Structures are given as structure tokens and as C-alpha cells.
Amino acid sequence: MWYHEFLNKYKAGISHEFLLNFNVRDLVDNCRYIDRFLYEEFIKQRNFGIVAFYDISTGLTFLEPGMEKEFNMITNNKAAELVYSLPSKIFPYIDMALKNTKTILFINHIEKIIPSGDIGSMSIEERMALIWLSEWSISPKISTVGSTIIMMTDNIADVSREILKSSYKVEPILVELPGEQERKTYIEHLLKDNKVRMDLTTDEFAKLSSGLSKKSIKDIKLKAEAEEVPISFEFIKEKKHSVLKKEYGDVLEFIYPEIGFEDIGGMDKAKNYLLKNIVEPIKKNDLRRVPMGILLCGPSGTGKTLLVNALAKSSGFNCVKIDMSRILGQYVGESEKNFKKCLLGAQSQQPVIVFVDEIDTTFRRGDSGDHGVSRNIFSEFLQFASNTNNRGKVIFIAATNRPDLLDAALKRAGRFDKKIPILMPEEKERAEIFRIIIEKYKFTTDITDFMPFAQTAENYTGAEIETVVRKAYEIACERELPESMITSDVLNQAIGKCRPSTKQIEFMTMLAVNECDDKDLLPDQYKDLIDDRERLEELLQEQLL
Ligand code: ADP
């Protein structure tokens, strides 16, 4: 828990200035918010002469009038008129207090005082505040007197990065969202008053509320109370969705998977791998077997996204998609800020599948290209993706049709440690896809055997088969066939009208085969090829020409 980290660092004298960040406006235990919690657990027994609070809107305030008197005495009454003024005016007097009397200073909304961004674009006011705040962290006088400074912010990425430079000693402390056990304890506490009925167990409520703060959990309970409805699975899901959307909707897409493995045609090898190495180990709670990340390689439209959805459904994991176009902002530092928030949001959804589609467009080989992201974002991502504490709780899945363009650091073991080729469907698989897609749309058909159509539709991806089926329905409607029935004749006509785009398919297939290091995941015809890398290289070169 964050408080232990804070206390240990404080007691070990590692620092006397801390930056509490993220879930700082939540309940710490069942009933105390951070300020009261710190007062009762930390401040009370440490004889601070002055307990002061500063934020840019309310100015400087004190816990007790006596403390204000003491402050005025230390500052020779010169600051009495300045308590509502800007940091540059009042900080020099706070400095006197910090160095004279054992003082604890809370600064709320620190991001409003020293916002993130290029130092060159900071106002003189912000720069002055930054200097005071940085210097305090390394002041031996403050340390000897025993004064402490605690700054708070919801998002550390909103705060000027200068303050965290290693030449200073400001310690960031991440205040995490409550874990499952903590949520359960809180839910039990909340429901003690018996004011609402529950249609599910506290365990289920605790599981379902991943990613929510205690405040949001309390809101769910209060809403159920006000609406006079029982707390049900659906009720929580709906409320949770709106909370998460409000909180992270600008940087993350939440996926609520509706399809399962049975709704995907073919891909037996990939499905089997995911079942054996993810779904089953999770059910048995043997997380050692679960890979940290998986890279799905292969041509577009072959069902990679579909597979991620099905995995989320059958593993019972939450699923979020990182969409880099939402994250990359216009202003300096904005992208990094968004990305940080996005990772924290993803992390808070544990257990969670984090999906990055077309990862090659984001994390390209070499330096950041036109569409690429900065090195800061890249290293932040690498760090997060290789955090082994997350094994079995956060699974990264990325999809790409150009694995050759990916940065090598991304492919190194411990990140995307399994690469699964998702190739063009074979004949039998195409027949299955025809059947599945017709069922998906609930179209009527009198066709029972799709093999002949699968033969005609050679080189069609799953996505192209979907286009064919929809075209067939269009034709059936135009011909005014009873129940708009998709007949053999109609389907053949549709295949003739929607030609597959063979563009680069062969090349993308070879790239995916080249990337694969596990023969069990390859169709027979490619198995020999990965033993003969030279031949594979030649084939790739041919495709490139
Ligand atoms: P990718 O992510 O590989 O580009 P998608 O998963 O987005 O491909 O596939 C696009 C659409 O094509 C899917 O929504 C689905 O309707 C259809 N599709 C592709 N492959 C399959 C498959 N194997 N089985 C069923 N439908 C498929």
C-alpha cells in the first residue's frame, strides 16, 4: 500500500518531500480520505509545530489558529497579508517556516502551480515556484528541522517533469486504486446498513468493480438506493462503464466482447494455443505459464481483432484497446501525459487484456518516424509491458501485418514473448467462415455445404468473405427472393463481384512466417520454410522487388 511506501521512505530519511499521485481523492480505508488519514496516522504523533495547507485557489491555511500565530511570528507578520497570494509571493515566507519550526505543508493540485510542458514555455511565476519546490527537497536545514512537504495531483504527467529530476529528491508515491480484496472489505462495510438488496455476492461485486475507486463503488450503492433497485450484475456493469468512460474514454477504448472462439472460423492452432496457455492456466490459477504478451502477425482481415475479443470473453478478462491516434496530442508533452493516463487506466482494469492494433504504425523501428511516438513514450511502454509483477494479470496483445517494421526492443523476450502467425484461411476454414458469417447476420440460406464456394473464393480473407456474404444478401434483396434467401446462385454471383485484394498478401504471409519461432503454430506447408531461413529470405526479397 502507498502509505507504507511513504512511511518507509520518510523514516529512512530518503526524502522529506513527496509527490502523491493518481487516486489521491479516494477513501484510504473504509471511512477516511487522505487528509484525515494522514492527520490521524502520521501527523498527530509527530509533534509538527505548524500544519499548513496551500493551493492556488484557497491560498495558505492552517490546521489551528495557534499555528497561524506561530507562522506570523516566524515571518515577523510580513506574510499575514499574503496568504491568498501567488506562490512567488508566499513561498519565501513558507520557506522561513519550513526552516524554523517542524512544519508539514500540504500542497494540493500541484499541477496547477507547476504544470507539465517545456521549461521554455513556463511563465516566470511557474519557474519561481519550481525553484522553491525543487530547492526544498534538497535543503539540509529543512531536513534537520524535520519539516515535510506533501504535494498531491491526480495525474503525475500533468506536473512539470523538472521536479522529478535526479538532482532533486522529490519522491513520487503512486496512490493506487483499491485491489480486489480491499474492494471486498469496503463493499462489506458499505452494505452493512442493509439499505439495498444485492443480486450477487460481495465476491462477485468486488471482482466486477475492478478499476473503480471506492468513491465510485459508493456511488453505485447510493444510486441503487436512490433508484430503489437491487445491485445486480447488469447494474454494476452499466454504472462502471459510464464511470470508466468518463475517466479514461479520451485515451482508452473499452471492449465488451460478445463473440467466443466458436464464432471464429478456422485458426485452430492459434485458438488451441490461447486455450492451453492462457484460458486454462488462468482457470487453474497457474499464472507462470501465461505469456506477458503476444504478437499476432499476418495479413489484414484475417481475424486478429476477432481472436482478441474471443480470448477476452473466454478468459473472463477485461479488455481495453490502446488507440494511439487518441493519445497523440497536439501540444508538447500532451501525448506523454495521455499515455501515462492510458497505462494507469489499463493497469486499473486488472485482470485485463491490453490490445494494440497495428502496433507497427506506433512503435516503428529506429527513431520516431512521422507517425511514431517519442522515445519517452516508447520506453514507458516497454517498462510497463515487461513488468513481471503483472504476469497473468495484464496480457498485452498486439497485432501487425508488418512485423519487420517493429522496433527490436519490443520483440525481445519478456515482452511479446509469443508470436502467433495468423495467416490466410485455407479452403476448409473458408467454408467454415462462410457458414459462421451467414449465421452471424442471421441471413437465411439453403446452402448446406460451403466447400464449393470456399474453392471458388481462393485467396479471400475472412474480412473479404464477410464482404461477399453481405453482397450476396444485397443481391438476394434486389431479386426479391423469398426471405431474401442466399442461394448458391446468389453467392456465386457475389463472389464474382467482390474480388479479393491480393495486394501484399503473399509478402505479409512470408513476414509472419519469418517471425514465427514455433512450428506448432504454422500450417504444414510453411513448416519446412522456417528451417530454411535462407530460402525464406529469398522469398521475402522477391516480394520486396
Ligand atoms: P484483422 O484484425 O486481422 O485485420 P479482423 O478481426 O478485424 O481482422 O476481421 C475483420 C472482420 O472479418 C471480422 O469482424 C469478421 O467479421 C471477419 N472475419 C475475419 N476472419 C474471420 C474468421 N476467421 N472467422 C469469422 N469471421 C472472420
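Readers should treat all values here as calculations from the given coordinates under stated rules, not as data from a laboratory. The shown structure was predicted, so the numbers you read here are calculated from the model rather than taken from an experiment. Because the Cβ atoms are built from the backbone with ideal geometry, glycine has one as well, and the counts that use them run over all protein chains shown.
How long are the semi-axes of the ellipsoid equivalent to the range 261-421, from square roots of 5 times the Cα gyration tensor eigenvalues, in whole Å, largest first? The partial results should precede the final answer.
Values: eigenvalues 130, 62, 39 Å².
Gyration-tensor ellipsoid for the range 261-421: 26, 18, 14 Å.
Looking at 94, 108, 436, which one has the Cα that reaches farthest to the positive end of the dipole of the chain (charges on Cβ: Lys, Arg +1; Asp, Glu -1)?
Value: 94.
Filter the cross-link list 240/313; 284/418; 184/237; 240/440 down to pairs whose alpha-carbon distance in this structure exceeds 26 Å.
Values: 240/313 18 Å; 284/418 21 Å; 184/237 17 Å; 240/440 28 Å.
Violating the 26 Å limit, Cα to Cα: 240/440.
What translational diffusion coefficient, in µm²/s and rounded to a whole number, does the Stokes-Einstein relation yield for the range 203-286 at 4 °C and a viscosity of 1.567 mPa s, taking the hydrodynamic radius as the Kirkwood radius over Cα pairs? All intermediate terms of the calculation are to be shown ahead of the outcome.
Numbers: Rh = 15.5 Å.
Diffusion coefficient, whole number: 83 µm²/s.
Per DSSP H run of n ≥ 4, the term is -39500 (n - 2.57); total these for the chain, divide by its residue number, and report the mean residue ellipticity at 222 nm rounded to 500 deg cm²/dmol.
Details: 26 runs with 246 residues, N = 545.
My calculation for the chain gives -13000 deg cm²/dmol from helical runs alone.
Translational diffusion coefficient, Stokes-Einstein: compute it for the chain using the Kirkwood radius over C-alpha pairs as Rh, at 20 °C and 1.002 mPa s, and state it as an integer in µm² s⁻¹. Could the numbers behind the result be given before it?
On the way: Rh = 27.2 Å.
Translational diffusion coefficient: 79 µm²/s.
Which is farthest toward the positive dipole end of the range 486-545 among 508, 529, 496, measuring Cα position about the Cα centre, with Cβ charges +1 (Lys, Arg) and -1 (Asp, Glu)?
Working it through, the farthest residue towards the positive pole turns out to be 496.
Sorted from largest to smallest, which semi-axis lengths in Å does the alpha carbon gyration tensor of the range 469-530 give for its equivalent ellipsoid, taking the root of 5 times each eigenvalue?
Numbers: eigenvalues 304, 33, 14 Å².
Square roots of five times the eigenvalues give 39, 13, 8 Å.
Mean projection of the alpha-carbon convex hull of the range 2-175 over all orientations, in nm²? Walk me through the intermediate numbers first.
Details: hull surface 38.2 nm².
Approximately 9.5 nm², given one-decimal rounding.
Show me 431-444, 228-241 ranked by packing, highest mean number of other Cβ atoms within 10 Å first. All intermediate terms of the calculation are to be shown ahead of the outcome.
Values: 431-444: 17.8, 228-241: 15.0.
Ranked by mean Cβ neighbours within 10 Å, highest first: 431-444, 228-241.
Assign unit charges at the C-beta atoms only (+1 for Lys and Arg, -1 for Asp and Glu), then state the dipole size of the chain relative to its Cα centre in Debye, rounded to the nearest 20. Please report the intermediate quantities before stating the final value.
Details: 74 positive and 85 negative charges, 410 e Å.
Rounded to the nearest 20 debye, it is 1960 debye.
Might you report the magnitude of the Cβ-based charge dipole of the range 276-406 about its Cα centre, with Lys and Arg at +1 and Asp and Glu at -1, to the nearest 20 debye? The partial results should precede the final answer.
Numbers: 18 positive and 12 negative charges, 124 e Å.
That gives the range 276-406 a dipole magnitude of about 600 debye.
Non-local amide H neighbours of residue 232 (under 5 Å, H modeled in plane, Pro and chain starts lacking H): which ones?
For residue 232, whose amide H was placed from the backbone, the distant partners under 5 Å are 199.
Normalised radius of gyration for the range 434-545, please: alpha carbon Rg relative to 2.2 N^0.38 Å, two decimal places.
Details: Rg = 18.2 Å, N = 112, 2.2 N^0.38 = 13.2 Å.
Dividing the Cα Rg of the range 434-545 by 2.2 N^0.38 Å gives 1.38.
List the DSSP H helices in the chain whose Cα atoms stretch 27 Å or more along the helix axis and whose mean Kyte-Doolittle hydropathy is at least 1.6.
Details: long enough: none.
Answer set is empty.
According to a simple spin-label model (label point 7 Å from Cα along Cα-to-Cβ), what is the distance in nm between residue 223 and residue 387?
Here the modelled spin labels are 2.7 nm apart.
So if the hydrodynamic radius of the range 258-311 is defined as the Kirkwood radius over C-alpha pairs, what does Stokes-Einstein give as its diffusion coefficient at 20 °C and 1.002 mPa s, in µm² per second?
Values: Rh = 11.9 Å.
The estimated diffusion coefficient comes to 180 µm²/s.
Tell me, what is a quarter of the convex hull surface for the C-alpha atoms of the range 427-497, in nm² with one decimal? The partial results should precede the final answer.
Working: hull surface 15.9 nm².
So the mean shadow area of the Cα hull is 4.0 nm².
When you count, for each residue, the other Cβ atoms within 10 Å and take the mean per peptide, how do 217-227, 145-155 rank with the highest first? Don't skip to the answer; put the middle values down first.
On the way: 217-227: 16.1, 145-155: 20.8.
So the peptides 217-227, 145-155, ranked by packing, come out 145-155, 217-227.
Quick check on packing: order 103-114, 203-214 by the mean number of other C-beta atoms within 10 Å, highest mean leading.
Values: 103-114: 22.4, 203-214: 20.0.
Peptide ranking by packing, descending: 103-114, 203-214.
For the range 180-248, just the Cα set please: Rg and Dmax, both in angstrom.
For the range 180-248, the Cα radius of gyration and maximum Cα-Cα distance read 10.8, 32 Å.
Treating the beta-carbon of each Lys and Arg as +1 and of each Asp and Glu as -1, no other charges, what is the dipole magnitude of the range 115-231 about its Cα centre, to the nearest 20 debye? Please list the in-between numbers first.
Details: 16 positive and 20 negative charges, 60 e Å.
For this selection, approximately 280 debye.
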